[in-house]
Amino acid sequence: MSKNKKSTYFAVAVAMVFVMICTLSSIIGCKTTPAEEITTAVETEAETTVAETTAAATEVETVAGTTTVVERFDGITLNWLGLPEPHYTGFEKAIKKWEDATGGKVNYQKLNGWPELYEKALTSFQSKAGAFDLVTVSNGWFPTYAPFLRSINLSEWSTKYNVPNDFFMESLIKDATIGSKLIVLPYNSETYLVYYRQDYLEKYGVEIPKTMSDLLTVAQKCNDPDNGIYGWGGMAKTGIYPYWQYNYFLRAMGGNIFDESGKPAMTDNQIALDALKFMQELYKNADPACLNWDHFNLSDNVIAGKVAIVYTHSGWCHYNYCVAPPEDVAANVDYEDTKPIVPPQDKQYGNSIQSWNIGLPLDSKEENVAAALSLLYYCLGTPEAQETMLLDSTGYFSSLTAVTDAVKEKFPYMDVVANAQNVAVSEPYTPQYMQMTEDIGTELSKVFSGAQTAEEALVAIDKKLNADGVAVIPKE
Amino acid sequence: MIRSRAFTLLLMLPAVVFLIIIIIYPMFFSLGVSFIKWDSATIPEVLKFIGFGNYLKVLSDPDFSSILSKSLIFTISTVLLQLAFGIIIAIAINSQYVKHRNIFITIFLIPMAISPTVAGVIWRSLLESRNGLINVFLRNIGLPTPFWFANPNLALTSLILVDVWQWTSFTILLISAALLGVPKEPIEAASVDGASVFRVYWNIILPVIRPIIMIVILLRTMEAFKLFDLIYMLTGGGPGVSTYLLSFKIYKLGLNNFKMGEATALSYILNIIILIISSIYLRFFRKAIK
């Protein structure tokens, strides 16, 4: 080897080692802050109170129609990481009203859907970019997101803006309270309801189900594939969807994924097995195409008259059948055909709640916090705002005050939906919520596609959850 | 001499810096991440070095062997089918009986020009089980209507067919170009000596275009292993995990479950697999050149 070549190779090797050292040190070397210090830092920052945030107020005005005094926020632009319509539609008027009243501006970033939101918010938190002043949060993400969010003391917020303490739904406040602080403000709630086609129940001569076995009977009797009608609607698309549906049955039958110590306990769990086998029986009456269905496909198929009865998200089914049925069936939709009922719960254990909320990231600009809290009042803090949100975003609300007579006229059965949402209970509180839903959903979809038995799935779920360190943690 | 060497290095500097920023640094960064426990619940300040923990975890995942075998089945099937159809169509287009060769080439190139995401949307509606055009046609002529993407035994095959539809044109393009470079004299001499058409193709044309075939195999194998967009659009990995391939699993781990450590570890495993296969191909390729 010539001397020149040797020196070139040497230089390249030195450069590579240098890059490697720089890279590794940038990943590991700078992360030497002890965990306790981080926790303390997070807690200290999270102590920001509503009173402190109002110090920047420069001018006082009165909002027409209310006696609430608000500040001016001229020159402040709030960046809101959010979801598209119908979420945004619900806030659009309130944002405009806030901008007119306070002089502030809102830059609402509409992402395509919740997976994108989850990814973008977490990336933003972890990089401490401080890019957003408000972020839309699902309740399943609370344990993961909590260290990155400011804690808001609701009592102070309520006092300042004259919001009664019981303004928001009880279930939502319980869910979003961690320790003694409410970490987010809710704007939407969803639970799970049975939606049935009244016309099919009449056609096939069956009663509205009152128990789980009634539900199976309805699915079996209404199953008429030759006429394009399936008795049951499944959503077995791999991922979170089968988890959701399984969770309804597991909870309704009084079961749980975790034991009392918070560890996964699906193996040798008789209720978990019963719930899964019950679902397998229901799936025998489902369209085979439902192996690729998510909750959107499911509600579309109910509206289209292809499914007789389903157990699904209150929000989407309601949205579709009341407001925006798929174009191809819109002309034939009779809203009276599809009705929701509180699901038959053999043990009345309580239904699962899912909610959308708004949080204030820790890393956002300090001077924007007061403006963000003021914006939240305009979007969520009054019965008028809640009613507008419900009507415009077609079913999104977080206070029972929203369900007025005008709302009930436009959305039949909204009181059934609201009452069910008000008493629903939290999802498992685990920082690995997304991993848990994926692990369980994937194994369940294997069962429904015939790749494994129910017993094998439960063993596999336990194994995966344990390998991923999924556990329920104390909510404090 | 020294000045000219220094000048050469100076000219190379922007390219080298660019290369370091966009390739070398991210490569080492991701390699570093693959040795770290980093998931959605991790605050960046408390990342923990766990050695080969992520590699061991993804390799011991009960689904790993099934995902790897499905990736191999997908890759081998698509590459072989694309090659077979590509060679047959390229020979047909380049035969003396076909006029306006360029028109045919342009038509066959259309699938390749379509974005895989758009192709996914098109095929998803075409193969929809109830109202998809293909099933409507099959129903009208009295044939059974399969659940193309909802049947666990058929979903991978459907995915293979769509990928073959889209990328056979790549093979056609390259083989057509290679056929144009085949010298006419040996073919004419063989014909005069009474060799059959098959013997001419097998003994004269195929050896000449073999290097191009090797390149097609190499490129398509690498691409097939990395396939993501079509799976995302058509099946989402389902039903069950019947269309979960390695690249889709990486996406799920990294951008769905935010397990960055495991996702990068699996990415490096995928890279190693592609490297091994590529080096085997290249050995054959060199022999073919000789």
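The values are calculated or read from the model by the stated rules, or taken from the named source; none is laboratory data. Not measured: the values here are computed from a predicted model. Heads up, the Cβs are rebuilt from the backbone with ideal geometry, glycines too, and the neighbour counts pull from every protein chain shown.
Looking at this structure, is A:Thr136 crowded, with 16+ Cβ neighbours inside 10 Å and more than 22 Å from the chain's Cα centre (by Cα)?
No, not satisfied.
Residues that are within 25 Å of A:Lys174 (Cα to Cα) and at pLDDT below 90: does the range A:122-132 have at least one? Please lay out each step first, then the result.
Going through the range A:122-132, the residues within 25 Å of A:Lys174 (Cα to Cα) turn out to be A:122, A:125.
Restricting the remaining residues to those that are at pLDDT below 90 gives A:122, A:125.
Yes; the residues of the range A:122-132 include at least one that is within 25 Å of A:Lys174 (Cα to Cα) and at pLDDT below 90.
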Original post:
Got a number for residues in the range A:147-168 being without any contact (Cβ under 8 Å) to a residue 60 or more places away in the chain and buried (at least 21 other Cβ atoms within 10 Å of the Cβ)?
Top reply: 1
**OP:** Go through the range A:443-466 residue by residue and tally those that are under 25 Å from the mean Cα position of the chain (by Cα) and within 7 Å of chain B (Cβ to nearest Cβ).
**Re:** 2
Subject >> Condition met for A:Val416 (within 21 Å of A:Leu193 (Cα to Cα), surrounded by fewer than 17 Cβ atoms within 10 Å (Cβ to Cβ) and β-branched (Val, Ile, Thr)) >> reply: yes
**OP:** Considering only the range A:418-452, state which residues are outside any helix (DSSP H, G or I) and of a type in the set (A, V, I, L, M).
**Re:** A:Val423, A:Ala424, A:Val425, A:Ala451
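Just to be sure before I move on: is A:Ser364 in contact (Cβ under 8 Å) with a residue 12 or more places away in the chain, away from chain B (no Cβ under 14 Å), of a type in the set (Gly, Ala, Ser) and more than 30 Å from A:Gly103 (Cβ to Cβ) in the structure I sent?
It is false that A:Ser364 is in contact (Cβ under 8 Å) with a residue 12 or more places away in the chain, away from chain B (no Cβ under 14 Å), of a type in the set (Gly, Ala, Ser) and more than 30 Å from A:Gly103 (Cβ to Cβ).
Conditions (1) modelled with pLDDT under 90; (2) within 14 Å of chain A (Cβ to nearest Cβ), marked per residue:
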| residue | (1), (2) |
| --- | --- |
| B:Leu219 | no, no |
| B:Asp229 | no, no |
| B:Gly236 | yes, yes |
| B:Gly240 | yes, yes |
| B:Lys249 | no, yes |
| B:Ser278 | yes, no |
Original post:
Counting only residues that are of a type in the set (S, T, N, Q) and more than 12 Å from every other protein chain (Cβ to nearest Cβ), which one in the range A:419-442 is nearest to A:Leu193 (Cα to Cα)?
Top reply: A:Gln421
Original post:
What are the pairs, 6+ residues apart or on separate chains, where a residue within the range A:122-137 that is acidic (Asp, Glu) has its Cβ under 6 Å from a residue that is not in a strand (DSSP E or B)?
Top reply: A:Asp133/A:Ser364; A:Asp133/A:Asn368; A:Asp133/A:Ala372
**OP:** Just one of (1) farther than 20 Å from A:Thr191 by Cα; (2) among the aliphatic types (A, V, I, L, M); (3) surrounded by fewer than 23 Cβ atoms within 10 Å (Cβ to Cβ) trips up A:Val403, so point out which.
**Re:** (1)
**OP:** Mind checking which helices (runs of 4 or more DSSP H) fall wholly inside the range B:1-113 and carry at least 1 residues that are within 14 Å of chain A (Cβ to nearest Cβ) and either under 30 Å from B:Asn153 (Cβ atoms) or free of Cβ contacts under 8 Å to residues at least 24 places away in the same chain (or both)?
**Re:** B:2-19, B:25-33, B:53-60, B:64-94
